[in-house]
Amino acid sequence: MDEDCDYLFKAVLIGDSAVGKSNLLYRFAKDEFFLDSKPTIGVEFAYRSIKVGDKIIKAQIWDTAGQERFRAITSSYYRGALGALLVYDITRKSTFESLKKWLKELREFGGPEMVVVLVGNKSDLLHSREVNLEDGRSLATLEQVSFMETSAKENLNVEEAFLHMIHRIYETTSQKSL
Ligand code: GDP
């Protein structure tokens, strides 16, 4: 355990290529941005610390670094992760249709208790929308996950989506002690 935090946990970004995962992570990590990589398994990750009550929580958030292009996400990517932002692009229906596959993989490798937040990104591109807000919301209800639309470009709801996931992870795990 790091000395500068009370809790440290891992969360992952997942979803099709070019939905905006890296841009979301850059936005969220911003000033405290600390990017690192594990070349051996080809991932990138960033840390950000947040305060919840009197506790300091440090989230280590993993990004695929483009590996999903080659369908090369392995179980080591998910191992130990307590949460996931599952991202699609509201302007590309195919990225929404892939969600079933990603959810199956998340549940298989990440375990049933993983906190999942469904994120419809690129909400600034309303004129090219292919996935309705209602479709995102219905899928989230069906799959019993949280849901938000975001824009990494305009910085809309990005902070909210990550913080929601982090708070939920904290709530579900602090009782059990991480
Ligand atoms: P990744 O492959 O999922 O990590 O996607 P990237 O973060 O590399 O983004 C893919 C492309 O979408 C890039 O050209 C980004 O500039 C663009 N992009 C990402 N997020 C947004 C957004 O919220 N709005 C718009 N308009 N473009 C975005």
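Read-outs: derived from the displayed coordinates by stated rules, not from any lab. Please read all numbers here as calculations on a predicted model, not as lab measurements.
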Next item on the list: Determine the percent antiparallel among the DSSP beta bridges restricted to the chain, to the nearest 5.
Entry: 40
Notebook entry, point to check: Cα-based Rg of the range 7-176 per 2.2 N^0.38 Å, rounded to two decimals?
Noted result: 0.96
Checklist line | Vicinal HN-Hα couplings computed from phi for the range 127-144 (Karplus, 6.51 cos²θ - 1.76 cosθ + 1.60; Hz; Gly/Pro x) | finding: 5, 10, 4, 10, 10, 5, 3, 4, 5, x, 5, 5, 5, 4, 5, 4, 8, 6
